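A.B. asks: Pasting in a structure now, in structure tokens, and then I'll have a few things to ask.
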Amino acid sequence: MPAAESSSVQAARQVLADRLREMCEDAGLDGRQLAEACGWHPSKVSRISTAKTSPSADDIRAWCRACDREDQTGDLIASLRAAEGMWVEWRRMERAGLRRAQEAVRPLFERTRRFRAYSSWLVPGLLQTHGYTEDVLHAVQRRRVAVDDVADAVAVRMERQRVLYEGDRRFAFLLEESVLSNALGGAEAQREQLEHLRTVGSLPNVSLGVVPTGLRRLRMPVEEFWLYDTAQVNVELVSGYLTLTQPREVAMYGEEFAQLADLAVYGPKARALITDARDALA
């Protein structure tokens, strides 16, 4: 389990394990008796009750049946699914192609009113042009996805950008200056993308900050992340997609965003950096 995954996911698994252990105790069973009732080796009960092993849905059904608490099965399986949903490997999320992965976040975008995003590598999806998105998703598809449905995935991402213009939503984007020159495709696509940043950055509900290179920083570098209201953080790691919902962890990312925002330049200074990057293109 990746280090960044461990805190939130393991906490959720521990809560589930505690509930199962308490159910066993309330039923007057010890671990060996429960294992016998379920047809398991006693070590399996120990691993599940200490959160060293995550139970399957069938394990939970057997556990509840042995404790004569089948009325708790549905709720406990829902807790299991929630814990599993915090960490999704890319190969699982994208096994049917990129379009479905793009569609999966649509409800989250539609219910969010305050977006905050920090990027050290790519222009965030909500700010991408059609050509830039094609370059990004083609690179993703070549790297890890067998199904080539990039055209459909691009269309979904472009349609999702309507949230920028609808409702009372607010957006704050922070980009490292290096993002402005990190072209995946040709110079023309990058030039179009930089012009688009200048345009969308002037929307009244959008704050676009650029963190200049060469700053003296007292904090360690952090991964790219998105904050949705104060309810959820999503982090894209090399191996998968992390969702954090614990208030303490969400607050930590909020504090990190505020620290990065203090380093950024905005308005004319940000546009000047974007213009310099555009003019430097061959």
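A.B. asks: Kindly check whether there is at least one residue in region 2-17 that is in contact with an Asp or Glu (Cβ under 9 Å, 6 or more places away or on another chain) and β-branched (Val, Ile, Thr).
C.D. replies: yes
A.B. asks: Taking region 201-227 on its own, how many of its residues are within 18 Å of LEU273 (Cβ to Cβ), β-branched (Val, Ile, Thr) and surrounded by fewer than 20 Cβ atoms within 10 Å (Cβ to Cβ)?
C.D. replies: Selection size over region 201-227: 2.
A.B. asks: Any residue at all in region 143-161 that's modelled with pLDDT under 95, buried (at least 17 other Cβ atoms within 10 Å of the Cβ) and in contact with an Asp or Glu (Cβ under 6 Å, 6 or more places away or on another chain)?
C.D. replies: yes
A.B. asks: Here are some residues: THR50, THR112. Which one is among the β-branched types (Val, Ile, Thr) and out of contact with any Phe, Trp or Tyr (no Cβ under 6 Å at 6 or more places or on another chain)?
C.D. replies: On the way: THR112 fails: out of contact with any Phe, Trp or Tyr (no Cβ under 6 Å at 6 or more places or on another chain).
Just one listed residue meets the conditions, THR50.
A.B. asks: Condition first: under 15 Å from the mean Cα position of the chain (by Cα) and at pLDDT 90 or above. Now tell me which residues in region 102-113 satisfy that. Steps first, answer last, please.
C.D. replies: Step one: list which residues in region 102-113 are under 15 Å from the mean Cα position of the chain (by Cα), which gives 102-109, 112.
Residues satisfying the conditions are GLN102, GLU103, VAL105, ARG106, PRO107, LEU108, PHE109, THR112.
A.B. asks: While we're on this one: Search region 144-158 for residues that are over 14 Å from TYR132 (Cβ atoms) and pair each with any residue that is among the small types (Gly, Ala, Ser) and crowded, with 17+ Cβ neighbours inside 10 Å when their beta-carbon atoms are under 7 Å apart and the residues are at least 6 apart or on different chains.
C.D. replies: Note: pairs meeting the criteria are VAL145/GLY97; VAL147/GLY97; ASP149/GLY97.
A.B. asks: A follow-up question, please. Limited to region 163-219, what total is found for residues that are charged (D, E, K, R) and in contact with a strand residue (DSSP E or B) (Cβ under 6 Å, 6 or more places away or on another chain)? Let's see the steps before the verdict.
C.D. replies: First, the residues of region 163-219 that are charged (D, E, K, R): 166, 168-170, 176-177, 188, 191-192, 195, 198, 216-217, 219.
Now drop any that are not in contact with a strand residue (DSSP E or B) (Cβ under 6 Å, 6 or more places away or on another chain), which leaves 170, 176-177.
Summing the residues that are charged (D, E, K, R) and in contact with a strand residue (DSSP E or B) (Cβ under 6 Å, 6 or more places away or on another chain) in region 163-219 gives 3.
A.B. asks: Mind listing whichever residues of region 199-244 are among the polar types (S, T, N, Q) and touching a Ser or Thr at 6+ places or on another chain (Cβ under 7 Å)? Quick ask: steps written out before the conclusion?
C.D. replies: So the first thing to find is which residues in region 199-244 are among the polar types (S, T, N, Q), and the list is 199, 202, 205, 207, 213, 230, 232, 234, 239, 243.
Within region 199-244, THR213, GLN232, ASN234 meet the criteria.
The rows are residues; the columns are (1) hydrophobic (A, V, I, L, M, F, W, C); (2) within 21 Å of the chain's Cα centre (by Cα); (3) over 20 Å from ARG113 (Cα atoms); (4) in the same structural domain as HIS138 (by TED's automatic domain parsing).
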residue: TYR165; (1), (2), (3), (4): no, no, no, yes
residue: ASP168; (1), (2), (3), (4): no, no, no, yes
residue: LEU194; (1), (2), (3), (4): yes, no, yes, yes
residue: ARG198; (1), (2), (3), (4): no, no, yes, yes
residue: PRO204; (1), (2), (3), (4): no, no, no, yes
residue: VAL210; (1), (2), (3), (4): yes, no, yes, yes
residue: GLU223; (1), (2), (3), (4): no, yes, yes, yes
residue: ASP229; (1), (2), (3), (4): no, yes, no, yes
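A.B. asks: While we're on this one: Here are LEU122, LEU127, LEU76: which of them is hydrophobic (A, V, I, L, M, F, W, C), buried (at least 17 other Cβ atoms within 10 Å of the Cβ) and touching a His at 6+ places or on another chain (Cβ under 8 Å)? Reasoning before the result, please.
C.D. replies: On the way: LEU122 fails: touching a His at 6+ places or on another chain (Cβ under 8 Å); LEU76 fails: touching a His at 6+ places or on another chain (Cβ under 8 Å).
Every option except LEU127 fails the conditions.
A.B. asks: Here's a follow-up. Return the residues of region 240-265 that are hydroxyl-bearing (Ser, Thr, Tyr) and either assigned to a helix (DSSP H, G or I) or exposed (fewer than 14 other Cβ atoms within 10 Å of the Cβ) (or both); say none if nothing qualifies.
C.D. replies: Let us first name the residues in region 240-265 that are hydroxyl-bearing (Ser, Thr, Tyr), namely 241, 243, 245, 253.
Once the filter is applied, which keeps residues that are hydroxyl-bearing (Ser, Thr, Tyr) and either assigned to a helix (DSSP H, G or I) or exposed (fewer than 14 other Cβ atoms within 10 Å of the Cβ) (or both), region 240-265 yields only TYR253.
The values are calculated or read from the model by the stated rules, or taken from the named source; none is laboratory data. All figures in this text were calculated on a predicted structure; none of them were measured in a lab. Note that we place each Cβ from the backbone using ideal geometry, even for glycine, and neighbour counts take in every protein chain shown.
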